[in-house]
1. Any idea what the dipole of the stretch 90-218 comes to, in debye rounded to 20, about its Cα centre with Lys/Arg Cβ at +1 and Asp/Glu Cβ at -1?
2. Assuming R0 = 22 Å, what is the FRET efficiency of residue 70 and residue 37, from their Cβ-Cβ distance, to the nearest 0.05?
3. Using a/c under 1.5 as the rounded threshold, could you call the stretch 289-382 rounded, prolate or oblate? The axes a ≥ b ≥ c are square roots of the C-alpha gyration tensor eigenvalues, and prolate needs a/b larger than b/c, oblate otherwise.
4. Within the chain, which is the longest segment that contains none of the trypsin sites (Lys or Arg not before Pro) sitting in a DSSP loop with at most 15 other Cβ atoms within 10 Å?
5. Hey, if you put +1 on the Cβ of every Lys and Arg and -1 on every Asp and Glu Cβ in the stretch 90-218, which of 105, 159, 123 ends up farthest toward the positive end of that dipole?
6. Taking 0.36 nm per residue of separation and subtracting the Cα-Cα distance, what length does fully extending residue 191 through residue 278 add?
7. Please give the FRET efficiency for residue 217 paired with residue 87, using the beta carbon to beta carbon distance and R0 = 30 Å, rounded to the nearest 0.05.
8. Let's test the formula: R0 of 45 Å, r as the Cβ-Cβ distance of residue 105 and residue 351. What FRET efficiency results, to the nearest 0.05?
Amino acid sequence: MSGFEIKGWCPGALRPMESGDGLVLRIRARNGRLTPDEARLIAGLSSRHGNGLIDLTSRANLQLRGLTPLGHAATIAALQPFGLTDRDAGTEARRNVILSPFAPVGGPAWQVAEAIARAMTAPDAPKVPAKFGFAVDAGTAVLTDVPADIRLRPHGTGWLILPDGADWALEAANPAEAARRAVALAHWFVQTGGVTEGRGRMRNHLRRGAPKPGGSVAGTTRPGASATPGPGPATNGWIVGFAFGQITPGQLEAAAALGPLRLTPWRALLIEGATLPRIPGAILDPCDPLTRVHACTGAPGCPQAQADVRALARHLASRLAPDQTLHVTGCAKACAHQGPASATLIATGRDRFDLIRDGSAHDPVTRAGLAVHDLPAALAKACPQ
Ligand code: SF4
């Protein structure tokens with residue numbers, strides 16, 4: 001496996017990350033929703049100050065790429081009046097809440113996510129690590145596979161608060177109590193030693209034998225893994241996909257012309273109220289093989305990348321069987337996809353890839369050192385048609 005640098009934090013708006021193509025600035029839209037004006041503003045900022053590449057991230061955020069330090073400062077100044085930044089980078093990092101894009105605006109799940117974000121940006125918020133986050137479902141659970149330390153979902157007439165990796169839960173009678181108990185659980189995580197040297201995840205903390213907090217309910221039924229919603233109609237609009245979750249300012253403007261946007265953790269946009277949106281280059285067909293392919297930024301955008309993985313992923317996509325998935329990653333860090341795929345290819349050189357069948361980038365390698373011209377045949381064996 002190739003070496004890679006673990007930064008332990010994600011870029012934000014106020015704390016951008018240096019990458020191979022300049023600064024990467026991440027925008028955390030409140031409750032994952034952008035008005036058409038906000039979306040048009042962001043598209044313009046990407047054109048003026050970035051390199052015209054915008055990422056849809058697996059945490060339901062937007063990333064502008066290719067900014068200079070001066071462009072970054074101008075972008076922050078433009079975002080501030082719209083409430084798309086926080087008072088400092090630490091506060092921004094704690095506002096890590098993913099809301100189901102299907103949650104009605106102003107409804108119970110919306111209120112829960114809003115109250116958690118408010119509490120986590122207050123001066124007395126728990127000092128959780130940068131990647132610590134919450135996922136709030138509404139109705140049918142769709143966020144069960146989304147990385148989160150504390151999950152919340154409606155249950156009967158109330159709410160369940162589910163720590164990641166626990167066989168117990170907390171209960172709440174209403175949205176306000178659900179948010180309060182979730183934030184109290186984050187305090188408990190910090191106070192019981194969940195954070196070491198600025199890092200820590202709930203699942204690992206529980207695995208190390210952290211004691212249950214008072215009031216927990218044992219044996220609560222958890223929803224199983226949820227199918228990732230693909231492009232197509234949704235209850236509140238239409239989901240449109242984009243290859244590898246990357247969009248252009250033109251595509252963002254075209255989407256904004258159709259309605260408010262909900263950012264999804266599936267690297268797709270949900271356009272509220274839209275029917276069959278026409279956006280150049282968007283994926284509207286749920287059977288498009290590119291919906292089953294993950295590929296990170298790769299070379300030349302990422303300095304840690306060993307190869308241009310997106311070009312290769314596009315080339316290989318048409319060879320996938322209908323039920324197969326492919327993950328091509330520029331190094332073993334696997335930023336684009338932490339889960340398993342039918343075939344995972346890790347670049348170890350410009351023309352060298354390790355193949356892992358039916359596993360993730362962290363599983364044992366099935367075949368090492370394959371050249372690009374070997375990949376179609378190796379993939380055919382990994383993904384028999
Ligand atoms: S997985 Fe891809 S984007 Fe992430 S560090 Fe490695 S090469 Fe860069």
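The values are calculated or read from the model by the stated rules, or taken from the named source; none is laboratory data. Keep in mind that this is a model prediction, so the values were computed, not measured. Cβ placement follows ideal geometry from the backbone for every residue including glycine, while neighbour counts extend to all protein chains displayed. Heads up: the accessible areas ignore ligands, DNA and RNA and are worked out on the full protein's heavy atoms, side chains in. Shrake-Rupley method; radii C 1.70, N 1.55, O 1.52, S 1.80 Å.
1. On the way: 15 positive and 11 negative charges, 68 e Å.
Taking the Cα centre of the stretch 90-218 as origin, the dipole is about 320 debye.
2. 0.35
3. Working: a/c = 1.29, a/b = 1.25, b/c = 1.04.
Rounded, because the longest to shortest axis ratio a/c is under 1.5.
4. My reading of the result: 128-207 is the longest stretch.
5. Value: 123.
6. My answer for the length gained is 26.3 nm.
7. 0.25
8. On the way: r = 49 Å, r/R0 = 1.09.
Result of the calculation: an efficiency of 0.35.
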